[in-house]
1. For region 39-381, count all C-alpha to C-alpha pairs, find those more than 28 Å apart, and express that count as a whole percent of the total.
2. Using a Förster radius of 41 Å, what is the FRET efficiency between N219 and Y273 based on their Cβ-Cβ separation? Nearest 0.05, please.
3. Please compute the per residue accessible area over the chain with all protein chains in place, 1.4 Å probe, rounded to a whole number of Å².
4. What FRET efficiency do you get for N464 and A95 if R0 is 35 Å and r is their Cβ-Cβ distance, rounded to the nearest 0.05?
5. Over region 629-772, with every protein chain in place, what whole percent of the accessible area is carbon and sulfur at 1.4 Å, could you tell me?
6. In square nanometres and to one decimal, what's the mean projected area of the convex hull around the Cα atoms of region 619-712?
7. Which of the cysteines found in the chain have nothing to pair with, since no other Cys Cβ lies under 4.7 Å from theirs?
8. For region 638-677, report the translational diffusion coefficient in µm²/s to the nearest whole number, using Stokes-Einstein at 20 °C, 1.002 mPa s, and a Kirkwood Rh over Cα pairs.
Amino acid sequence: MGRRARALLHAPAPLLLLLALAAAASGPPFSCGAPSSAAFCNPRLPIEQRADDLVSRLTLEEKISQLGDQSPAVDRLGVPAYKWWSEALHGVSNAGRGIHLDGPLRAATSFPQVILTAASFNPHLWYRIGQVIGTEARAVYNNGQAEGLTFWAPNINVFRDPRWGRGQETPGEDPTVTGKYAAVFVRGVQGYALAGAINSTDLEASACCKHFTAYDLENWKGVTRYAFDAKVTAQDLADTYNPPFRSCVEDGGASGIMCSYNRVNGVPTCADYNLLSKTARGDWRFYGYITSDCDAVSIIHDVQGYAKTAEDAVADVLKAGMDVNCGSYVQEHGLSAIQQGKITEQDINRALHNLFAVRMRLGLFNGNPKYNRYGNIGPDQVCTQEHQNLALEAAQHGVVLLKNDANALPLSKSQVSSIAVIGHNANDATRLLGNYFGPPCISVTPLQVLQGYVKDTRFLAGCNSAACNVSSIGEAAQLASSVDYVVLFMGLDQDQEREEVDRLELSLPGMQENLINTVANAAKKPVILVLLCGGPVDVTFAKYNPKIGAILWAGYPGEAGGIAIAQVLFGEHNPGGRLPVTWYPKEFTSVPMTDMRMRADPSTGYPGRTYRFYRGNTVYKFGYGLSYSKYSHHFVANGTKLPSLSSIDGLKAMATAAAGTVSYDVEEIGTETCDKLKFPALVRVQNHGPMDGRHPVLLFLRWPNGAADGGRPASQLIGFQSLHLKSMQTVHVEFEVSPCKHFSRATEDGKKVIDHGSHFMMVGDDEFEMSFTP
């Protein structure tokens with residue numbers, strides 16, 4: 001690490017943050033501080049009993065008042081006001097209503113935007129980020145700067161379309177990756193262990209998986225998320241849209257779910273009983289509260305026209321299983337809905353039970369929190385050096401090397417006497433943060449860091465913004481011709497992609513491409529292109545231009561992103577990130593964003609979506625990424641063996657034939673037999689040097705070429721692990737493979753089946769054939 005970069009990373013947090021160590025704000029809000037005989041104040045009683053007791057003491061008017069995200073105090077019972085809406089997508093944020101980073105604590109650790117963190121394919125890293133967020137959230141609360149501990153993150157919608165403005169908030173396009181991210185992030189935030197049993201009665205903070213379901217459009221050619229009716233097949237719901245939410249609930253133990261704005265097959269998600277009550281609470285055994293997205297209840301009547309009256313909208317959502325409305329619509333129309341007989345008081349009691357149970361699980365009805373489990377988490381645990389180091393680690397491991405012709409990278413400090421830094425994204429630290437961010441612990445730009453590496457560093461913005469409708473191309477070319485090396489920082493920003501803004505094009509905006517090519521032609525050596533963006537961009541021109549020696553994708557890399565990028569450029573960190581999304585060519589924009597089908601339809605020319613179903617050319621494929629080292633992967637045959645299927649009673653009799661394919665229904669196989677079918681897959685991985693590095697190992701499955709399609713993916717990721725290997729080191733990594741989970745596919749009616757016959761596991765360039773033949 002360069003001297004300046006090291007100094008920046010270890011710089012003290014803002015002065016006002018340090019003052020928090022000596023002077024806290026007013027104390028945190030809580031209930032049951034005074035001795036009370038009320039059952040709801042007795043922490044020895046079951047949460048369910050306590051919640052019922054509190055609800056029973058409320059008047060009807062008080063009950064209705066609690067059904068909005070800003071719930072007022074009930075002073076006569078000693079119940080403080082509560083704000084349900086707080087944000088912590090990639091660090092504790094003040095974007096919602098419940099967190100106030102405007103007191104003694106004025107910053108929190110700002111990690112990379114989720115899409116870049118996902119590129120590490122490192123669940124342990126994701127979990128540790130969740131842990132830091134949970135700790136800092138509780139510290140802010142304990143310091144009296146929070147009115148709630150319910151955080152509306154993570155965003156686990158599948159990144160289906162590259163134009164989606166909020167794709168940057170997600171872990172990418174793969175349901176397996178997204179589901180794993182959801183589970184471990186939630187576990188970290190809520191104070192659970194990385195794996196194993198969950199203590200569901202004791203939350204450090206509450207995480208909420210959003211937006212349930214099939215939500216991935218903001219505003220495309222006049223079609224808005226508020227009015228959009230997503231037409232989704234049972235097959236696509238079963239194997240793409242819903243699995244991340246199931247994992248979030250079943251594996252992560254999430255205590256919150258947010259239903260989305262859109263309709264799915266005509267029904268608003270917040271008014272869908274089958275979705276909220278039957279699937280989430282019934283099938284997945286969800287234990288927590290369900291919130292609407294903000295004003296989503298009102299749009300059911302005002303925009304979608306699904307409900308004829310405001311009272312009908314209130315009735316629709318409460319009877320479907322929603323508990324709290326982000327907004328005041330239910331509070332305003334709840335009483336008239338009861339008076340008109342649209343809902344009963346029991347409908348309200350059901351919702352309140354879930355809401356107060358979560359607040360009790362957070363310990364907010366256990367008296368003064370300073371004496372409870374998380375009471376010792378103070379302001380000195382915000383922006384710690386350990387947390388800031390983790391933000392740097394996340395950025396380092398997410399950066400993806402897309403091109404490195406003739407080993408253009410890494411640069412050598414001793415051989416770089418002058419460098420030009422060109423680009424609108426190089427000298428604005430806020431651009432590194434993405435969206436839903438809070439004030440970061442440190443603020444440093446890539447330019448500032450590079451100035452610490454090369455004394456003669458010269459800067460030119462080149463464009464007025466990411467839109468690049470005003471440029472200084474001639475001046476940039478002149479600068480490029482006068483230095484040893486050129487690094488261009490280009491891409492997108494939040495004016496191009498964000499909530500309520502989808503892109504229409506996949507090319508770099510405005511005159512960026514012209515600027516890049518002109519600079520490359522003028523430079524003495526092949527230039528380096530660093531792309532800062534959430535969604536993919538078509539940079540085919542740069543991929544094949546020999547005067548562009550290297551391309552890095554750095555997403556929105558967070559507070560330490562500038563440091564991480566410089567370390568990769570100068571070889572202090574060996575890049576190992578892999579793309580969590582497909583990078584499509586610009587022609588993909590001919591596909592309507594409103595078409596929710598995942599699977600290709602050759603008869604109409606519809607190309608499908610994501611690496612699992614897309615049949616078309618790509619700029620870069622899902623899982624692609626280079627390194628400064630070379631790695632090899634090989635299955636270890638004697639460590640990879642499917643158990644004998646003939647010994648499993650009754651399996652052969654379960655076979656059914658449809659469309660020329662013999663298959664086995666996973667539900668009929670049952671949990672006990674599915675567990676017996678699990679087997680290890682052993683892979684030998686070697687780092688052939690020349691550098692140590694962290695390396696994601698991705699395990700895929702494909703079906704035989706020429707087999708009946710049946711809606712199968714072309715391939716699907718079934719496992720991944722992140723390894724650190726020294727140069728020339730060889731390790732063996734074991735994956736647990738479950739045929740019921742990993743070999744199965746969804747049929748048109750949404751059932752999961754395993755096809756009879758061969759299945760091929762793939763890692764790197766190696767394949768291993770397995771035969772599922774009872």
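1. Result for the distance tail: 38 percent.
2. It comes out at approximately 0.90.
3. 35 Å²
4. Once rounded, the FRET efficiency stands at 0.85.
5. 48 percent
6. 9.5 nm²
7. C208, C533
8. Rounded to a whole number, D works out at 188 µm²/s.
The values are calculated or read from the model by the stated rules, or taken from the named source; none is laboratory data. Small disclaimer: the values here were computed from a predicted structure and weren't measured. We place every Cβ from the backbone using ideal geometry, glycine too, and count neighbours over all the protein chains shown. The protein model used for the area step is the full one, side chains on, heavy atoms only, and it has no ligands, DNA or RNA in it. Shrake-Rupley method; radii C 1.70, N 1.55, O 1.52, S 1.80 Å.
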